[in-house]
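Notes follow the structure.
The values are calculated or read from the model by the stated rules, or taken from the named source; none is laboratory data. What you are looking at is a predicted structure, and each value in this text was computed from that prediction instead of being measured. Quick reminder, even Gly has a Cβ in these numbers, built from the backbone with ideal geometry, and neighbours come from all protein chains shown.
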Amino acid sequence: MALTRRTVLAGAALAAVASGVRAQTPMRWRFAHPHPESDSWHKAALRFAELMKERSKGRVEIQVFGGGVLGNDPTMVNAVRGGSLDIGLTGNPYFTGMAPKLNVLDLPFLFRDRKHVAAVLDGPVGDELRRELEGSSLKALATWDIGWRNLTNNRRPIRGPDDLKGLKIRTTPNPAHIKAFQLLGAVPTPMAFTELFTALEMGSVDGQENPVTLILNAKFFEVQKHLTMSQHAFTTGPLIMNKAKYDALPPDLQKILVDTARETARLQWAMNADAEATSLAELKSKGMQVVESIDREAFRKIVADAVRKDFVEKFGPELAARIDATSA
């Protein structure tokens, strides 16, 4: 009996050690995004990884992959949906096919300023829009920002809507972006961000539209001559995780994850806003010819109401009206 008892105790001790080893083995997650490593997305993602390791007490370790090295925008989204990638971050336009209500965030001339954007993303409207992705096997942890979209091209300065006519402009696949450029007489050409530099270099498209931070960090100044500060739309980016993987986490870790994602989002918003101020000056120093004063109202009159009308016909006026009424 004594031998049997010792054997049982030894077995229990070994099981306890094995259990302890399992408990101490961290979950190792991969986090991918398409932006250059010099961009605020990458810097904020690294901070997110640091905070998650610290706050989870080592239960979670996150490796960040920038620059689209794990695939372009649609590939990353599908990888997260399928569970082969743990966390992904890309622009809102890449989600509107599966969650069409998110298209509201890409309506031209929707937001008044950055404070208005933050109030919407951090409030009830932002929460509701993030939940729209749950039907597509995604959990949106937070919403980060890309910024105000501005026009670049290699053909001529853009000072008014007529200057866009006939230009082949790369856009996102978002219906609002495509419709807006059609109304302006351009030829919208959707493609992934990771493919854009080569397309500009080869002349497959004449121009593109992105925030000055990305125009600088992606080195578009090397293949584009003219920049117009049109600020015709503001682009956001959901930070996503596979929903089943999120649901399987213990409740305390779910809370840590969402709280940290949203805290880091606010950090990233501030980083991006600060970078916008310096990026324009640097682009000028790189030789880009910048048109800063344009008649934005002329652009607004052509696209704002017409593009919103399409959205309202599908989803009603309430959502866009709630965004209009959100105070900073």
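Looking at this structure, is Ala270 more than 23 Å from Gly83 (Cα to Cα) and either hydroxyl-bearing (Ser, Thr, Tyr) or surrounded by 18 or more Cβ atoms within 10 Å (Cβ to Cβ) (or both)? Against the criterion (more than 23 Å from Gly83 (Cα to Cα) and either hydroxyl-bearing (Ser, Thr, Tyr) or surrounded by 18 or more Cβ atoms within 10 Å (Cβ to Cβ) (or both)), Ala270 does not qualify.
Restricting attention to region 226-238 and to residues that are among the hydroxyl-bearing types (Ser, Thr, Tyr) and outside any loop (DSSP other than H, G, I, E, B), the residue that is farthest from Pro157 (Cα to Cα) turns out to be Thr236. Picking from residues in region 172-186 that are more than 18 Å from Trp148 (Cβ to Cβ) and in contact (Cβ under 8 Å) with a residue 24 or more places away in the chain, the one that is surrounded by the most Cβ atoms within 10 Å (Cβ to Cβ) is Lys179.
For the condition of a type in the set (Lys, Arg), crowded, with 16+ Cβ neighbours inside 10 Å, closer than 21 Å to Pro250 by Cα and modelled with pLDDT of 95 or more, Arg59 qualifies.
Criterion applied to Ala32, Ala118, Ala79, Ala49 was being touching a helix residue (DSSP H, G or I) at 6+ places or on another chain (Cβ under 7 Å), among the aliphatic types (A, V, I, L, M) and either over 23 Å from Phe311 (Cβ atoms) or surrounded by fewer than 18 Cβ atoms within 10 Å (Cβ to Cβ) (or both), and the one residue passing it is Ala32. For residues that are out of contact with any Pro (no Cβ under 8 Å at 6 or more places or on another chain) and not hydrophobic (A, V, I, L, M, F, W, C), scanning just region 37-52, find the one that is farthest from Trp269 (Cα to Cα). Out of the qualifying residues, it is Glu50. Evaluation of Asn154 against the conditions (1) more than 21 Å from Phe221 (Cα to Cα); (2) surrounded by fewer than 22 Cβ atoms within 10 Å (Cβ to Cβ) shows that the sole unmet condition is (1). Within region 65-103, work out how many residues are more than 11 Å from His33 (Cβ to Cβ), among the aromatic types (Phe, Trp, Tyr) and either at pLDDT 95 or above or in a loop (DSSP other than H, G, I, E, B) (or both). Matching residues across region 65-103 total 1. Remark: Ala306 falls outside the filter, which requires a residue to be buried (at least 18 other Cβ atoms within 10 Å of the Cβ), in a helix (DSSP H, G or I) and modelled with pLDDT of 95 or more.
Pairing residues of region 74-95 that are under 15 Å from Ala45 (Cβ atoms) with residues that are outside any helix (DSSP H, G or I) and among the basic types (Lys, Arg), at Cβ distances under 7 Å and at least 6 apart in sequence or on separate chains, gives Leu85/Arg30; Asp86/Arg30. Within region 187-225, the residues that satisfy the criterion of being among the polar types (S, T, N, Q), touching a residue at least 60 places away in the same chain (Cβ under 8 Å) and assigned to a helix (DSSP H, G or I) are Thr194, Thr213, Asn217.
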